[in-house]
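Q: Here you go, one structure.
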Amino acid sequence: MAMGELVRAVAVPARQRRRIGGGKLAIGLALTGGAVIASALVSGRYSPSPGNSRIRRDYRRLDKPPFNPPDWVFGIWGPLFAALSVSGLRVWNAPRGTDRTRALAHWFGIQALNAIWMVIGFGWRRRGAMAVEAAATVANAAAYLDAARRVDRTAAWLAAPYLPWVAFAALLSEELWRRNRGRPGVSP
């Protein structure tokens, strides 16, 4: 199987494969891939990873809940971003209509909310606002799964692991805010 055929088989719903030309597929790849890459880059810029010394130092000072996972667990973001990319591309390649438009709006919302979450919580150190934004992210993720299911079940299944992960991350965000509220030098 040639690379183009493989991409088409993964990224285009079966009922659309004969109708989707290379141009639409390329535009979809550019839009969905670009959105995920932009979201990942912004998120990475403001994450408490070893490459961000100030943010990492601030993160280490936080009082964390006992269920806070070890750092290596956050590597799940890579596979989640990959699955979200394919999910968004499948929705992009589905027939046009209100369900597709709604699903794409929520999908692009996921990308924006992921990036904003990290900026608010770790860049600006607004833990309360991060917790509120995290709740909005969970609601949007649930709405995306419902909308994607109406367009392409495989797209919904690909994005399904994202919802429990962001729900857990939202709980962590709320706990970071609650445990560190008013602590000098940690959370404004």
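Read-outs throughout are calculated quantities, based only on the coordinates presented, and are distinct from any laboratory measurement. These numbers come from a predicted model, not from an experiment. Because the Cβ atoms are built from the backbone with ideal geometry, glycine has one as well, and the counts that use them run over all protein chains shown.
Q: So which residues in region 50-76 are over 21 Å from Arg126 (Cα atoms) and among the aromatic types (Phe, Trp, Tyr), if there are any at all?
A: Phe67, Trp72
Q: Can you tell me which residues in region 147-188 are under 30 Å from Arg60 (Cβ atoms) and among the basic types (Lys, Arg)? Steps first, answer last, please.
A: In the first step, residues of region 147-188 are kept if they are under 30 Å from Arg60 (Cβ atoms); the result is 161-188.
Listed by number, the residues that qualify are Arg178, Arg179, Arg181, Arg183.
Q: If you take the residues in region 149-188 that are touching a helix residue (DSSP H, G or I) at 6+ places or on another chain (Cβ under 8 Å) and not in a helix (DSSP H, G or I), which one is surrounded by the fewest Cβ atoms within 10 Å (Cβ to Cβ)?
A: Among residues in region 149-188 that are touching a helix residue (DSSP H, G or I) at 6+ places or on another chain (Cβ under 8 Å) and not in a helix (DSSP H, G or I), the one surrounded by the fewest Cβ atoms within 10 Å (Cβ to Cβ) is Gly185.
Q: Taking region 126-149, which residues are within 20 Å of Asp99 (Cα to Cα) and of a type in the set (A, V, I, L, M)?
A: Val138, Ala139, Ala141, Ala142, Ala143, Leu145, Ala147, Ala148
Q: How many residues are among the basic types (Lys, Arg) and closer than 21 Å to Asp71 by Cβ if we restrict to region 139-188? Lay out the reasoning, then the answer.
A: From region 139-188, those among the basic types (Lys, Arg) are 149-150, 153, 178-179, 181, 183; that's our starting set.
Imposing the further condition that a residue be closer than 21 Å to Asp71 by Cβ reduces the set to 179.
Adding up the residues that qualify gives 1.
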